[in-house]
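Written out below as structure tokens is the structure these notes cover.
The values are calculated or read from the model by the stated rules, or taken from the named source; none is laboratory data. These numbers come from a predicted model, not from an experiment. Note that we place each Cβ from the backbone using ideal geometry, even for glycine, and neighbour counts take in every protein chain shown. These area figures cover heavy atoms from the full protein model, side chains too; ligands, DNA and RNA do not enter into them. Shrake-Rupley method; radii C 1.70, N 1.55, O 1.52, S 1.80 Å.
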Amino acid sequence: MDDVLGHRLRSAVQALLDSLPLLMDDMELNFSDALVGGGEVICELTELNASWAPLIEADALRFVTDTPGLRTPSLFSPATPRMIAAIDAQPPEVQHALVERAAKRFADHDEHTPNPRSLAAVSRSPHRPEGPGPATPTEASPPASTPRPSEASRHRSR
């Protein structure tokens with residue numbers, strides 16, 4: 001994908017995230033109902049081919065679900081419909097706040113390309129959070145002086 005197209009798609013996702021709260025208010029829709037078809041409208045407004053609409057909606061969905069920490073390894077995960085239902089079950093003001101926060105995070109997202117070495121370090125880090133939900137390194141791992149359970153059992157078996 002070239003830089004120009006990438007920038008246009010990113011702008012389209014931003015436009016969708018920015019417009020969702022207005023659409024939710026004006027038409028009294030929940031998050032998922034406002035999202036469906038939003039990509040097509042944004043494609044039309046930004047003169048992108050409508051074939052990009054599902055990708056734009058998926059990226060907006062990913063960012064909204066990541067905002068409160070409802071992370072899933074894939075949009076095709078069985079957890080995704082449950083995450084969407086959990087967002088839709090919230091009161092309208094909570095849904096609006098969530099989408100607005102996601103739009104702000106998306107706008108503030110750093111677009112620099114990470115150093116390949118730092119990507120490798122993060123992917124190999126034993127302090128990388130695992131599982132659902134947000135975790136900080138202190139929540140995801142024991143203090144350095146405490147051996148991990150797998151390490152403790154290895155030490156005992158030697």
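At-a-glance table
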| read-out | value |
| --- | --- |
| Qualifying residue in the range 26-36 (condition: open to solvent by 70 Å² or more (accessible area, probe 1.4 Å), part of a helix (DSSP H, G or I), touching a helix residue (DSSP H, G or I) at 6+ places or on another chain (Cβ under 9 Å) and more than 14 Å from Ile87 (Cα to Cα)) | yes |
| Test: residue in the range 3-20 that is in contact (Cβ under 8 Å) with a residue 12 or more places away in the chain, open to solvent by less than 10 Å² (accessible area, probe 1.4 Å) and more than 12 Å from Asp59 (Cβ to Cβ) | yes |
| Those helices (runs of 4 or more DSSP H) lying entirely in the range 44-158 with at least 3 residues modelled with pLDDT under 55 | 137-140, 149-156 |
